[in-house]
Amino acid sequence: MTRGISKVISAHVHPVCSVSWSRNGRKLLTASTDNTVCIIDVATGDTDHRFRFPSPILRVQYNPRSLSNFLVCPMRHPAIVVGVDGSRLIIPLDDEADTTISALFDRRGLHVFTGNSKGRVTVHRASDAQLVASFRVTQGAASTTAIKSMEFARRGDWFLVNSADRIIRVYNSTEVLACGIEGEPEPIQKLQDLVNKTMWKKCCFSGDGEYVCAGSSRQHALYIWDKTNGNLVKILHGTKGELLLDVVVSKV
């Protein structure tokens, strides 16, 4: 590792806000504040495809098992499964008035999971956008809590939900699908900072899916929990005064 720049790719005229690698590592999916999404050949640096949308893009994600389609989350619009051939499949909103959503593919790229500002998670088939499961993260609670982000583990069927109540909930996607529409799946873990009541900027799983890592919104600090028993294993502190923007865990 030389830590040197191996390649500079210029595909957008405005800042890039989201990046996703293809499964084979040969293509790069990028989104920019200029409302465009590009598919770039990493080896040559050429832009293979360019797609334009009506609003800025919050997130893009390649299908984990296919190079033929990808997921786009435009600002104040429903999530869209876009085919490389130009086809577009809109994932229906659970509430037409609530366009603040987080969306992502499951580990196998068969379903699209979405979460909205009312604490509701929906699961649609990626092939036809059919609703197959839904639930609320706060069962029986009088108030709802907005879902900020979701992430899937690279191994196993686990996914986490980072919500505005500062609790990270870990679910089993197989159980969620089995519960169906308006189901009530129970999280296998609820992770939080009981002392400082920290809000989480970014959450993710370790490469083997056995640990959950979360970055604080207030300071440069990483919290690591054991997914099996929910114990806090480690707190890593970075430079004082810095704020954390993103967390990415090595696949190994």
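The values are calculated or read from the model by the stated rules, or taken from the named source; none is laboratory data. What you see is a predicted model, and the numbers here were worked out from it, not measured in a lab. Note that each Cβ is placed from the backbone with ideal geometry, even for glycine, and that neighbours are counted across all protein chains shown. Note: accessible area is taken over every heavy atom of the protein model, side chains too, but ligands, DNA and RNA are not part of it. Shrake-Rupley method; radii C 1.70, N 1.55, O 1.52, S 1.80 Å.
The figures follow:
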item: For residue 201, residues with placed amide H under 5 Å, excluding near neighbours; result: 215, 216, 217
item: Using θ = phi - 60° and Karplus 6.51 cos²θ - 1.76 cosθ + 1.60, couplings along the range 178-192 (whole Hz; Gly, Pro as x); result: 5, 6, x, 6, 6, x, 9, x, 9, x, 7, 8, 10, 10, 7
item: For the range 194-208, 3J(HN,Hα) per residue [Karplus equation, 6.51 cos²θ - 1.76 cosθ + 1.60, θ = phi - 60°, Hz, x = Gly/Pro]; result: 5, 7, 9, 6, 5, 8, 9, 7, 8, 10, 7, 9, 6, x, 8
item: Peptides ranked, highest mean first, by Cβ atoms within 10 Å: ranges 194-203, 72-81; result: 72-81, 194-203
item: For residue 34, solvent-accessible area (1.4 Å; no DNA, RNA or ligand), Å²; result: 20 Å²
item: Alpha-carbon centroid distance for the pair the range 63-106 / the range 15-53, whole angstrom; result: 16 Å
item: Stokes-Einstein translational diffusion, the range 157-204 - Kirkwood Rh over all Cα pairs, 0.890 mPa s, 25 °C, in µm²/s; result: 210 µm²/s
item: Mean separation of Cα contacts under 8 Å, 6 or more apart, over the residue count of the range 1-154: relative contact order %; result: 13 percent
item: Amide H contacts under 5 Å for residue 91, placed H, 5+ residues apart; result: 79, 80, 81
item: J(HN,Hα) series, the range 120-133, from Karplus relation 6.51 cos²θ - 1.76 cosθ + 1.60, nearest Hz, glycine and proline x; result: 10, 10, 10, 10, 10, 5, 6, 7, 9, 6, 6, 6, 10, 7
item: Accessible area (Å², 1.4 Å probe, nearest 10) - residue 155; result: 140 Å²
item: Relative contact order %, the range 67-198, counting alpha carbon pairs below 8 Å whose residues are six or more apart; result: 15 percent
item: Probe 1.4 Å, protein heavy atoms only - accessible area per residue of the chain in square angstrom; result: 52 Å²
item: Over the chain: Rg over Rh, Cα atoms, Kirkwood Rh; result: 0.96
item: Two-decimal Rg/Rh across the range 107-252, once Rg and the Kirkwood Rh are taken from alpha-carbon atoms; result: 0.97
item: Accessible-area composition of the range 162-252, carbon plus sulfur, in percent [1.4 Å probe]; result: 53 percent
item: Solvent-accessible area, 1.4 Å probe, carbon plus sulfur percent, for the range 1-70; result: 51 percent
